[in-house]
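> Shown below is the structure under consideration.
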Amino acid sequence: MIAAAALNSRTGRKILAGALIGFTVVIAFLVTPLIAVPFAIAGSASAGTVTQVDAAPQVSGEWGLPLAGGYSKGRGFGYNPVQGCGYCSTNHQGYDMAQGCGATVFAAGPGEVITAGSYQGYGNTVRINHGGEIVTLYGHMQWESLRVSLGQQVIAGTPLGAEGNTGKSFGCHLHFEVRKSGTAVAPEPFMAGLGLPLK
């Protein structure tokens, strides 16, 4: 009889412990979405949000830098292989610069927007025809961040979109390219000739 009571007592405790664990799991299951979903929504919203324009880029005459303030330099023009990136070209046609995901990208000079959206391997891209057979390209911007449209006239300092990691990209950065008569030219001497030296 005593053994049976002890057995029932142990069984009762196991049932009670199991019920508490089950109750805790149910509460956690119900409460987790109330905590996790707002964070997930906030995170996805911030990933596509364009950084507020709080500074203007350096300008010299009608031209300016495509980023305002300091930036990190990535690959320069010419032969630049990327370790661990099989799809990155070894013959780099532009100049990579970065302030971080979401940083505002600006038009480098006056002209007409001839591309505003997906473009080849550059992902979300803006191209501007400046006349005189000069075209600048701003690649890898965040999706849904573009502030200009096809055919729009811009000047140096017009916000174009936000730095991102779209297309054949290896981390958030701006791929800035200059083409003359359809051929890529080194952006460093081109911009330096306008009084806007790049790093």
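> Based on what the data block shows, is V105 touching a Leu at 6+ places or on another chain (Cβ under 6 Å), of a type outside the set (F, W, Y) and farther than 15 Å from R75 by Cβ?
Values: touching a Leu at 6+ places or on another chain (Cβ under 6 Å): yes; of a type outside the set (F, W, Y): yes; farther than 15 Å from R75 by Cβ: yes.
Yes: the conditions hold for V105.
> Tally up the residues in the range 164-199 that are open to solvent by 50 Å² or more (accessible area, probe 1.4 Å) and among the β-branched types (V, I, T), please.
1
> Here's a follow-up. I want to confirm something. Restricting to the range 152-163 and keeping residues that are of a type in the set (V, I, T) and crowded, with 18+ Cβ neighbours inside 10 Å, which single residue is farthest from A107 (Cα to Cα)? It would help to see each step written out before you state the result.
The initial filter retains those residues of the range 152-163 that are of a type in the set (V, I, T), namely 154-155, 158.
From what is left, the residues that are crowded, with 18+ Cβ neighbours inside 10 Å are 154, 158.
Numbers: V154: 7, T158: 5 Å.
By that ranking, first place goes to V154.
The values are calculated or read from the model by the stated rules, or taken from the named source; none is laboratory data. Because the structure is a prediction, the values reported are computed rather than measured. Positions of Cβ are generated from backbone atoms using ideal geometry, with glycine treated the same way; all protein chains shown enter the neighbour counts. The accessibility values were calculated without ligands, DNA or RNA, using every heavy atom of the protein model including side chains. Shrake-Rupley method; radii C 1.70, N 1.55, O 1.52, S 1.80 Å.
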